[in-house]
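*Asks:* For reference, the structure I am asking about is given below.
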Amino acid sequence: MNSIFTDTLQGKETSRPPVWFMRQAGRVLPSYLKLKEDYSFWQMMKDPSLAAKVTLLPVHDLGVDAAILFSDILVIPYAMGMGLDFTDNGPVFETPLKDVTDPLSKLNPDPGKLQYIYDAIDKIIETRPENNPLIGFCGAPLTVLCFMLQGLGTRSNFADAEKFFFTNKELTKKLAEAVTELSIVYALEQIKHGISAFQLFDTHAGLVPFEYYKEIFLPSVKKIADAVRKTGTPFIFFPKGIGTGISEIDHEICDYLSIDWQTPLQHARKMVDPKVGLQGNLDPRILYSDQDTIRKELEKFIPFHKQEKNWIFNLGHGLMPGIPVENVKFVIDWIKETKW
Ligand code: CP3
(Lines give C-alpha, C1' and ligand atoms only; values in the text may rest on other atoms or scores of the structure.)
Protein backbone atom coordinates (compact mmCIF):
# COMPACT_ATOMS: atom_id res chain seq x y z
CA MET A 1 0.00 0.00 0.00
CA ASN A 2 1.29 3.42 -0.96
CA SER A 3 0.29 5.43 2.10
CA ILE A 4 1.97 8.22 4.02
CA PHE A 5 0.43 6.83 7.23
CA THR A 6 1.81 3.29 6.90
CA ASP A 7 5.13 4.64 5.58
CA THR A 8 5.53 6.79 8.70
CA LEU A 9 4.65 3.86 10.94
CA GLN A 10 7.37 1.85 9.19
CA GLY A 11 9.93 4.57 9.87
CA LYS A 12 10.19 5.75 6.26
CA GLU A 13 10.69 9.44 5.63
CA THR A 14 7.70 11.22 4.13
CA SER A 15 7.14 14.74 2.76
CA ARG A 16 4.78 15.70 5.59
CA PRO A 17 3.29 14.17 8.74
CA PRO A 18 0.25 11.96 8.15
CA VAL A 19 -3.01 13.17 9.67
CA TRP A 20 -6.09 11.52 11.11
CA PHE A 21 -8.30 12.40 14.09
CA MET A 22 -9.56 10.40 17.00
CA ARG A 23 -13.38 10.30 16.73
CA GLN A 24 -13.23 11.57 13.17
CA ALA A 25 -16.36 9.71 12.06
CA GLY A 26 -18.91 9.87 14.82
CA ARG A 27 -18.98 13.42 16.09
CA VAL A 28 -18.82 16.42 13.79
CA LEU A 29 -19.36 15.35 10.19
CA PRO A 30 -22.64 16.68 8.74
CA SER A 31 -22.92 13.49 6.65
CA TYR A 32 -22.76 11.44 9.90
CA LEU A 33 -25.17 13.67 11.79
CA LYS A 34 -27.62 13.26 8.91
CA LEU A 35 -27.37 9.44 9.10
CA LYS A 36 -27.97 9.66 12.84
CA GLU A 37 -31.41 11.09 12.19
CA ASP A 38 -32.40 7.75 10.65
CA TYR A 39 -30.30 5.18 12.48
CA SER A 40 -29.24 4.54 16.07
CA PHE A 41 -25.56 4.06 16.89
CA TRP A 42 -26.10 0.32 17.42
CA GLN A 43 -27.84 0.03 14.04
CA MET A 44 -24.95 1.77 12.31
CA MET A 45 -22.37 -0.36 14.05
CA LYS A 46 -24.15 -3.67 13.52
CA ASP A 47 -24.94 -3.26 9.84
CA PRO A 48 -21.65 -3.94 7.98
CA SER A 49 -22.60 -1.76 4.99
CA LEU A 50 -23.58 1.17 7.20
CA ALA A 51 -20.53 0.75 9.45
CA ALA A 52 -18.29 0.67 6.38
CA LYS A 53 -19.97 3.72 4.95
CA VAL A 54 -19.55 5.71 8.19
CA THR A 55 -15.94 4.56 8.58
CA LEU A 56 -15.12 5.98 5.17
CA LEU A 57 -17.02 9.29 5.53
CA PRO A 58 -13.99 11.17 6.94
CA VAL A 59 -11.81 9.84 4.12
CA HIS A 60 -14.21 11.20 1.49
CA ASP A 61 -15.39 14.36 3.28
CA LEU A 62 -12.19 15.44 5.04
CA GLY A 63 -9.30 13.75 3.23
CA VAL A 64 -7.69 12.12 6.28
CA ASP A 65 -4.76 9.77 5.61
CA ALA A 66 -6.34 6.81 7.44
CA ALA A 67 -9.79 5.57 8.41
CA ILE A 68 -10.60 4.21 11.86
CA LEU A 69 -13.13 1.43 12.19
CA PHE A 70 -16.57 2.71 13.17
CA SER A 71 -17.25 0.75 16.33
CA ASP A 72 -16.83 1.23 20.07
CA ILE A 73 -14.58 0.08 22.86
CA LEU A 74 -17.62 -1.34 24.71
CA VAL A 75 -18.28 -4.09 22.17
CA ILE A 76 -15.98 -6.26 24.30
CA PRO A 77 -18.12 -6.19 27.48
CA TYR A 78 -21.14 -6.68 25.23
CA ALA A 79 -19.49 -9.82 23.81
CA MET A 80 -18.86 -10.91 27.41
CA GLY A 81 -22.60 -10.98 27.97
CA MET A 82 -23.24 -7.53 29.43
CA GLY A 83 -26.43 -5.87 28.19
CA LEU A 84 -25.49 -2.51 26.67
CA ASP A 85 -27.47 0.44 25.46
CA PHE A 86 -26.19 3.70 23.95
CA THR A 87 -28.41 6.49 25.24
CA ASP A 88 -28.32 10.27 24.85
CA ASN A 89 -26.44 10.29 28.15
CA GLY A 90 -23.78 7.88 26.93
CA PRO A 91 -23.44 4.12 27.20
CA VAL A 92 -25.41 2.29 29.92
CA PHE A 93 -24.91 -1.30 31.07
CA GLU A 94 -27.95 -3.24 32.20
CA THR A 95 -26.16 -4.69 35.26
CA PRO A 96 -23.02 -2.82 36.30
CA LEU A 97 -20.42 -5.12 37.84
CA LYS A 98 -20.23 -2.96 40.96
CA ASP A 99 -23.69 -4.33 41.87
CA VAL A 100 -22.75 -7.99 41.37
CA THR A 101 -21.40 -10.27 44.11
CA ASP A 102 -19.19 -12.47 41.95
CA PRO A 103 -18.50 -10.39 38.81
CA LEU A 104 -16.09 -12.87 37.19
CA SER A 105 -18.71 -15.61 37.18
CA LYS A 106 -21.19 -13.26 35.50
CA LEU A 107 -18.99 -12.79 32.45
CA ASN A 108 -19.46 -15.15 29.57
CA PRO A 109 -17.11 -14.27 26.69
CA ASP A 110 -18.45 -15.27 23.30
CA PRO A 111 -16.07 -14.33 20.44
CA GLY A 112 -18.86 -15.07 17.95
CA LYS A 113 -20.63 -11.93 19.21
CA LEU A 114 -18.00 -9.82 17.44
CA GLN A 115 -18.59 -11.23 13.96
CA TYR A 116 -20.53 -8.17 12.72
CA ILE A 117 -17.36 -6.12 13.19
CA TYR A 118 -15.25 -8.42 11.02
CA ASP A 119 -17.98 -8.27 8.38
CA ALA A 120 -17.75 -4.47 8.56
CA ILE A 121 -13.96 -4.63 8.08
CA ASP A 122 -14.42 -6.85 5.00
CA LYS A 123 -16.87 -4.34 3.60
CA ILE A 124 -14.50 -1.42 4.29
CA ILE A 125 -11.60 -3.16 2.58
CA GLU A 126 -13.85 -3.92 -0.38
CA THR A 127 -15.20 -0.37 -0.79
CA ARG A 128 -12.39 1.96 0.34
CA PRO A 129 -10.42 4.18 -2.00
CA GLU A 130 -6.98 2.90 -2.98
CA ASN A 131 -4.09 3.37 -0.57
CA ASN A 132 -6.23 4.31 2.39
CA PRO A 133 -5.25 2.28 5.43
CA LEU A 134 -7.71 1.17 8.10
CA ILE A 135 -6.94 1.48 11.80
CA GLY A 136 -8.43 -1.15 14.08
CA PHE A 137 -8.82 -0.61 17.80
CA CYS A 138 -10.09 -1.72 21.15
CA GLY A 139 -10.22 -0.23 24.63
CA ALA A 140 -7.53 -0.98 27.18
CA PRO A 141 -8.65 -3.08 30.16
CA LEU A 142 -8.66 -0.20 32.68
CA THR A 143 -10.90 2.04 30.59
CA VAL A 144 -13.22 -0.80 29.60
CA LEU A 145 -13.48 -1.91 33.25
CA CYS A 146 -14.36 1.62 34.33
CA PHE A 147 -17.51 1.39 32.22
CA MET A 148 -18.23 -2.26 33.13
CA LEU A 149 -18.04 -1.55 36.85
CA GLN A 150 -19.70 1.84 36.90
CA GLY A 151 -22.37 0.93 34.38
CA LEU A 152 -23.30 4.44 33.42
CA GLY A 153 -20.69 6.10 31.32
CA THR A 154 -21.22 9.69 32.32
CA ARG A 155 -18.06 11.26 31.15
CA SER A 156 -15.95 11.92 34.17
CA ASN A 157 -17.50 10.08 37.03
CA PHE A 158 -16.18 6.63 37.74
CA ALA A 159 -16.28 6.95 41.53
CA ASP A 160 -17.58 3.42 42.16
CA ALA A 161 -15.13 1.91 39.69
CA GLU A 162 -12.24 3.73 41.39
CA LYS A 163 -13.41 2.51 44.80
CA PHE A 164 -13.60 -1.03 43.41
CA PHE A 165 -10.01 -0.84 42.08
CA PHE A 166 -8.73 -0.05 45.56
CA THR A 167 -10.97 -2.39 47.58
CA ASN A 168 -10.66 -5.39 45.24
CA LYS A 169 -7.18 -5.23 43.81
CA GLU A 170 -6.80 -8.95 43.09
CA LEU A 171 -10.24 -9.19 41.54
CA THR A 172 -9.51 -6.08 39.46
CA LYS A 173 -6.48 -7.86 38.06
CA LYS A 174 -8.52 -10.97 37.24
CA LEU A 175 -11.21 -8.89 35.53
CA ALA A 176 -8.53 -7.04 33.55
CA GLU A 177 -7.17 -10.42 32.46
CA ALA A 178 -10.61 -11.57 31.32
CA VAL A 179 -11.05 -8.40 29.23
CA THR A 180 -7.52 -8.86 27.88
CA GLU A 181 -8.13 -12.41 26.74
CA LEU A 182 -11.11 -11.51 24.57
CA SER A 183 -9.42 -8.28 23.39
CA ILE A 184 -6.52 -10.34 22.02
CA VAL A 185 -8.86 -12.65 20.08
CA TYR A 186 -10.63 -9.54 18.79
CA ALA A 187 -7.44 -7.70 17.79
CA LEU A 188 -6.01 -10.73 15.98
CA GLU A 189 -9.23 -11.23 14.08
CA GLN A 190 -9.26 -7.55 13.03
CA ILE A 191 -5.73 -8.06 11.73
CA LYS A 192 -6.76 -11.19 9.82
CA HIS A 193 -9.49 -9.18 8.14
CA GLY A 194 -7.03 -6.55 6.93
CA ILE A 195 -6.43 -3.61 9.29
CA SER A 196 -3.08 -1.84 8.76
CA ALA A 197 -2.48 -0.58 12.31
CA PHE A 198 -4.02 -1.07 15.75
CA GLN A 199 -4.68 1.57 18.41
CA LEU A 200 -5.34 0.77 22.06
CA PHE A 201 -7.45 3.47 23.75
CA ASP A 202 -6.80 3.94 27.46
CA THR A 203 -8.81 7.12 27.89
CA HIS A 204 -9.07 6.83 31.67
CA ALA A 205 -5.53 5.61 32.40
CA GLY A 206 -4.98 8.72 34.52
CA LEU A 207 -7.62 7.72 37.08
CA VAL A 208 -5.18 5.68 39.17
CA PRO A 209 -1.61 6.47 40.28
CA PHE A 210 0.94 5.35 37.70
CA GLU A 211 2.48 2.85 40.14
CA TYR A 212 -0.89 1.14 40.47
CA TYR A 213 -1.37 1.29 36.70
CA LYS A 214 2.01 -0.33 36.17
CA GLU A 215 1.28 -3.14 38.57
CA ILE A 216 -2.31 -3.98 37.69
CA PHE A 217 -3.02 -2.82 34.13
CA LEU A 218 0.21 -2.40 32.18
CA PRO A 219 0.90 -6.18 32.03
CA SER A 220 -2.45 -6.57 30.24
CA VAL A 221 -1.59 -3.76 27.83
CA LYS A 222 1.70 -5.49 27.10
CA LYS A 223 -0.06 -8.79 26.38
CA ILE A 224 -2.36 -7.15 23.84
CA ALA A 225 0.60 -5.25 22.35
CA ASP A 226 2.70 -8.41 22.04
CA ALA A 227 -0.08 -10.30 20.30
CA VAL A 228 -0.64 -7.48 17.81
CA ARG A 229 3.04 -6.78 17.16
CA LYS A 230 3.88 -10.46 16.61
CA THR A 231 1.81 -10.24 13.43
CA GLY A 232 3.90 -7.29 12.20
CA THR A 233 1.02 -4.84 12.71
CA PRO A 234 2.09 -1.46 14.14
CA PHE A 235 0.72 -0.82 17.63
CA ILE A 236 -0.27 2.68 18.80
CA PHE A 237 -1.02 3.20 22.49
CA PHE A 238 -3.06 6.09 23.91
CA PRO A 239 -2.80 6.15 27.71
CA LYS A 240 -4.50 9.47 28.40
CA GLY A 241 -3.56 11.36 31.53
CA ILE A 242 -0.62 9.29 32.78
CA GLY A 243 1.63 12.37 32.96
CA THR A 244 5.28 11.57 33.55
CA GLY A 245 4.37 7.87 33.31
CA ILE A 246 5.01 8.21 29.56
CA SER A 247 8.73 8.06 30.36
CA GLU A 248 8.19 4.39 31.25
CA ILE A 249 6.29 3.46 28.10
CA ASP A 250 9.08 2.16 25.92
CA HIS A 251 9.53 0.21 22.70
CA GLU A 252 8.91 -3.01 24.63
CA ILE A 253 5.29 -1.85 24.80
CA CYS A 254 4.44 0.10 21.66
CA ASP A 255 5.60 1.36 18.27
CA TYR A 256 3.83 4.70 18.61
CA LEU A 257 2.58 6.57 21.67
CA SER A 258 -0.39 8.90 21.29
CA ILE A 259 0.22 11.95 23.49
CA ASP A 260 -2.68 13.66 25.30
CA TRP A 261 -3.31 17.41 25.13
CA GLN A 262 -2.04 17.89 28.68
CA THR A 263 1.54 17.06 27.70
CA PRO A 264 3.57 19.38 25.44
CA LEU A 265 4.85 17.32 22.51
CA GLN A 266 8.45 18.58 22.96
CA HIS A 267 8.40 17.40 26.58
CA ALA A 268 6.94 14.09 25.53
CA ARG A 269 9.76 13.66 23.00
CA LYS A 270 12.35 14.17 25.72
CA MET A 271 10.63 11.71 28.06
CA VAL A 272 9.62 8.88 25.75
CA ASP A 273 11.97 6.17 24.48
CA PRO A 274 13.49 7.52 21.22
CA LYS A 275 12.59 4.24 19.51
CA VAL A 276 8.90 5.03 20.03
CA GLY A 277 7.21 7.34 17.50
CA LEU A 278 4.73 9.96 18.69
CA GLN A 279 1.17 10.77 17.69
CA GLY A 280 -0.75 13.88 18.63
CA ASN A 281 -1.54 16.25 20.14
CA LEU A 282 -3.48 19.39 19.25
CA ASP A 283 -6.00 20.22 21.98
CA PRO A 284 -9.35 19.46 20.32
CA ARG A 285 -10.87 22.57 21.93
CA ILE A 286 -8.56 24.79 19.86
CA LEU A 287 -10.86 23.80 17.00
CA TYR A 288 -13.63 25.88 18.56
CA SER A 289 -11.52 29.03 17.91
CA ASP A 290 -11.19 31.08 14.72
CA GLN A 291 -8.90 29.89 11.93
CA ASP A 292 -6.18 32.50 12.60
CA THR A 293 -5.84 31.19 16.14
CA ILE A 294 -5.84 27.61 14.87
CA ARG A 295 -3.15 28.42 12.28
CA LYS A 296 -0.92 29.94 14.97
CA GLU A 297 -1.25 26.78 17.05
CA LEU A 298 -0.46 24.62 14.03
CA GLU A 299 2.65 26.63 13.17
CA LYS A 300 4.12 25.60 16.54
CA PHE A 301 4.38 22.05 15.19
CA ILE A 302 6.76 23.03 12.36
CA PRO A 303 9.93 23.16 14.49
CA PHE A 304 8.88 19.89 16.13
CA HIS A 305 8.65 18.15 12.78
CA LYS A 306 12.12 19.43 11.79
CA GLN A 307 13.64 17.42 14.63
CA GLU A 308 11.18 14.50 14.66
CA LYS A 309 10.06 12.54 11.62
CA ASN A 310 8.44 9.67 13.52
CA TRP A 311 5.32 11.66 14.14
CA ILE A 312 1.66 11.34 13.17
CA PHE A 313 -0.46 14.46 13.49
CA ASN A 314 -3.60 13.94 15.58
CA LEU A 315 -5.47 15.50 18.47
CA GLY A 316 -4.67 15.13 22.17
CA HIS A 317 -8.12 13.47 22.54
CA GLY A 318 -11.12 12.96 20.26
CA LEU A 319 -13.04 15.57 18.29
CA MET A 320 -15.78 17.04 20.44
CA PRO A 321 -19.43 17.61 19.57
CA GLY A 322 -20.06 21.06 18.15
CA ILE A 323 -16.59 21.61 16.65
CA PRO A 324 -17.18 23.29 13.26
CA VAL A 325 -16.35 20.83 10.50
CA GLU A 326 -14.79 23.68 8.46
CA ASN A 327 -12.13 23.98 11.14
CA VAL A 328 -11.36 20.28 11.00
CA LYS A 329 -11.02 20.52 7.23
CA PHE A 330 -8.86 23.63 7.66
CA VAL A 331 -6.38 21.67 9.81
CA ILE A 332 -6.15 18.80 7.33
CA ASP A 333 -5.64 21.16 4.38
CA TRP A 334 -3.03 23.10 6.35
CA ILE A 335 -1.11 19.91 7.17
CA LYS A 336 -1.18 18.91 3.51
CA GLU A 337 -0.23 22.32 2.08
CA THR A 338 2.41 23.45 4.55
CA LYS A 339 6.06 23.34 3.55
CA TRP A 340 7.41 21.14 6.32
O1 CP3 B 1 -14.83 8.40 14.79
C2 CP3 B 1 -15.39 7.58 15.51
O3 CP3 B 1 -16.41 7.83 16.14
C4 CP3 B 1 -14.74 6.23 15.54
C5 CP3 B 1 -15.40 5.19 16.31
C6 CP3 B 1 -15.34 5.27 17.83
C7 CP3 B 1 -16.50 5.44 18.68
N8 CP3 B 1 -16.09 5.30 19.98
C9 CP3 B 1 -17.87 5.67 18.22
C10 CP3 B 1 -18.90 6.14 19.15
C11 CP3 B 1 -14.24 5.11 18.66
C12 CP3 B 1 -12.79 4.98 18.27
C13 CP3 B 1 -14.72 5.13 20.02
C14 CP3 B 1 -13.86 4.93 21.19
C15 CP3 B 1 -14.40 5.12 22.52
N16 CP3 B 1 -15.66 4.82 23.00
C17 CP3 B 1 -13.63 5.59 23.62
C18 CP3 B 1 -12.15 5.94 23.57
C19 CP3 B 1 -11.86 7.19 22.85
C20 CP3 B 1 -12.35 8.43 23.52
O21 CP3 B 1 -13.01 9.24 22.85
O22 CP3 B 1 -11.99 8.66 24.69
C23 CP3 B 1 -14.48 5.64 24.73
C24 CP3 B 1 -14.10 6.08 26.12
C25 CP3 B 1 -15.76 5.12 24.34
C26 CP3 B 1 -16.97 4.92 25.19
C27 CP3 B 1 -18.14 5.67 24.71
N28 CP3 B 1 -18.88 5.31 23.60
C29 CP3 B 1 -18.72 6.87 25.24
C30 CP3 B 1 -18.22 7.60 26.45
C31 CP3 B 1 -19.81 7.21 24.44
C32 CP3 B 1 -20.82 8.35 24.62
C33 CP3 B 1 -20.35 9.66 24.24
C34 CP3 B 1 -19.65 9.78 22.93
O35 CP3 B 1 -20.26 10.19 21.94
O36 CP3 B 1 -18.48 9.48 22.91
C37 CP3 B 1 -19.88 6.26 23.40
C38 CP3 B 1 -20.83 6.25 22.29
C39 CP3 B 1 -20.25 6.40 20.93
N40 CP3 B 1 -19.13 5.79 20.46
C41 CP3 B 1 -20.79 7.22 19.90
C42 CP3 B 1 -19.97 7.03 18.79
C43 CP3 B 1 -20.15 7.61 17.42
C44 CP3 B 1 -22.00 8.12 20.03
C45 CP3 B 1 -23.25 7.44 19.71
C46 CP3 B 1 -24.36 8.44 19.43
O47 CP3 B 1 -24.07 9.47 18.84
O48 CP3 B 1 -25.47 8.09 19.82
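The values are calculated or read from the model by the stated rules, or taken from the named source; none is laboratory data. Every value quoted in this text rests on a predicted model; they were computed, and no experiment measured them. Here the Cβ is made from the backbone with ideal geometry for all residues, glycine too, and neighbour counts use every protein chain on show. Remember, those area values only see protein heavy atoms, side chains included, never the ligands or the DNA or RNA. Shrake-Rupley method; radii C 1.70, N 1.55, O 1.52, S 1.80 Å.
*Asks:* Would you work out the relative contact order for the chain, in percent, from Cα pairs under 8 angstrom that are 6 or more residues apart?
*Replies:* For the chain, the relative contact order is 20 percent.
*Asks:* Compute the acute angle (0 to 90°) between the alpha-carbon long axis of helix 218-230 and the principal axis of greatest extent of the alpha-carbon atoms of the chain; round to the nearest 10°.
*Replies:* Helix 218-230 sits roughly 60 degrees off the main axis of the chain.
*Asks:* Loop by DSSP (not H, G, I, E, B), at most 15 other beta-carbon atoms within 10 Å: where is the longest site-free stretch of the chain for trypsin sites (Lys or Arg not before Pro)?
*Replies:* 13-154
*Asks:* Quick one: accessible area per residue over region 26-122, 1.4 Å probe, rounded to a whole number of Å²?
*Replies:* I get 44 Å² per residue for region 26-122.
*Asks:* If the cut-off is 12 Å between C-alpha atoms, which aspartates and glutamates fall inside it for LYS240, apart from same-chain ones fewer than 8 positions away?
*Replies:* ASP202, ASP260
*Asks:* List the residues whose amide H sits under 5 Å from the amide H of ASN314, counting only those 5 or more places along or on another chain, with H placed 1.01 Å from N in the peptide plane.
*Replies:* GLY280, ASN281, LEU282
*Asks:* Applying 1/(1 + (r/R0)^6) with R0 = 41 Å to the Cβ-Cβ distance of GLN115 and GLU299, what FRET efficiency is obtained, to the nearest 0.05?
*Replies:* FRET efficiency, GLN115 to GLU299: 0.35.
*Asks:* While we're looking at this one, here's another question. For the chain, treating each Cα as an identical point scatterer without solvent, what Debye log10 I(q)/I(0) comes out at q = 0.09, 0.13, 0.16 1/Å?
*Replies:* -0.45, -0.99, -1.57
*Asks:* Please compare each pair in LYS46/LYS223; LYS173/LYS223; LYS173/LYS214 to a cut-off of 19 Å on the Cα-Cα distance and tell me which ones are over it.
*Replies:* As for pairs spanning more than 19 Å Cα to Cα, those are LYS46/LYS223.
*Asks:* With a 1.4 Å probe and every protein chain kept in, tell me what percent of the accessible surface of the chain is carbon plus sulfur.
*Replies:* Within the chain, the accessible surface is 49 percent carbon and sulfur.
*Asks:* Evaluate 2.2 N^0.38 Å with N set to the residue count of region 224-334, then give the Cα radius of gyration divided by it.
*Replies:* 1.12
*Asks:* How much accessible area per residue does region 268-338 have, counting only protein heavy atoms and a probe of 1.4 Å, in square angstrom?
*Replies:* 44
*Asks:* In degrees between 0 and 90, to the nearest 10, how far off the longest principal axis of the chain does helix 115-127 point, with axes built from Cα atoms?
*Replies:* Helix 115-127 and the main axis of the chain meet at about 20 degrees.
*Asks:* Measure nothing fancy, just the Cα-based angle from helix 48-62's long axis to the longest principal axis of the chain, in degrees from 0 to 90, nearest 10.
*Replies:* So the helix axis and the longest Cα principal axis differ by about 30 degrees.
*Asks:* Under 5 Å between amide hydrogens, which residues at least 5 positions from GLN199 or on another chain qualify, with H placed 1.01 Å from N in the peptide plane?
*Replies:* GLY136, PHE137, CYS138, ILE236
*Asks:* Right, another one. Would you mind checking LYS306/LYS329; LYS169/LYS222; LYS113/LYS192; LYS12/LYS339; LYS296/LYS339; LYS53/LYS309 for any pair whose Cα atoms are more than 21 angstrom apart?
*Replies:* With Cα atoms farther than 21 Å apart: LYS306/LYS329; LYS53/LYS309.
*Asks:* Using the Karplus curve 6.51 cos²θ - 1.76 cosθ + 1.60 with θ = phi - 60°, work out ³J(HN,Hα) for each residue of region 282-299 in order, rounded to whole Hz, and write x for Gly and Pro.
*Replies:* Working through the residues one at a time gives 4, 5, x, 5, 4, 6, 7, 7, 6, 5, 5, 4, 4, 4, 4, 5, 5, 4 Hz.
*Asks:* A follow-up question, please. Please work out how much length the chain gains when fully extended from SER49 to ASP226, using 0.36 nm per residue of separation minus the C-alpha to C-alpha distance, in nm with one decimal.
*Replies:* Going from the current span to full extension adds 60.6 nm.
*Asks:* Run the reach check for LYS34 against aspartates and glutamates, Cα to Cα strictly under 20 Å, same-chain hits fewer than 8 apart removed. What comes back?
*Replies:* ASP47, ASP61, ASP72, ASP88, GLU326
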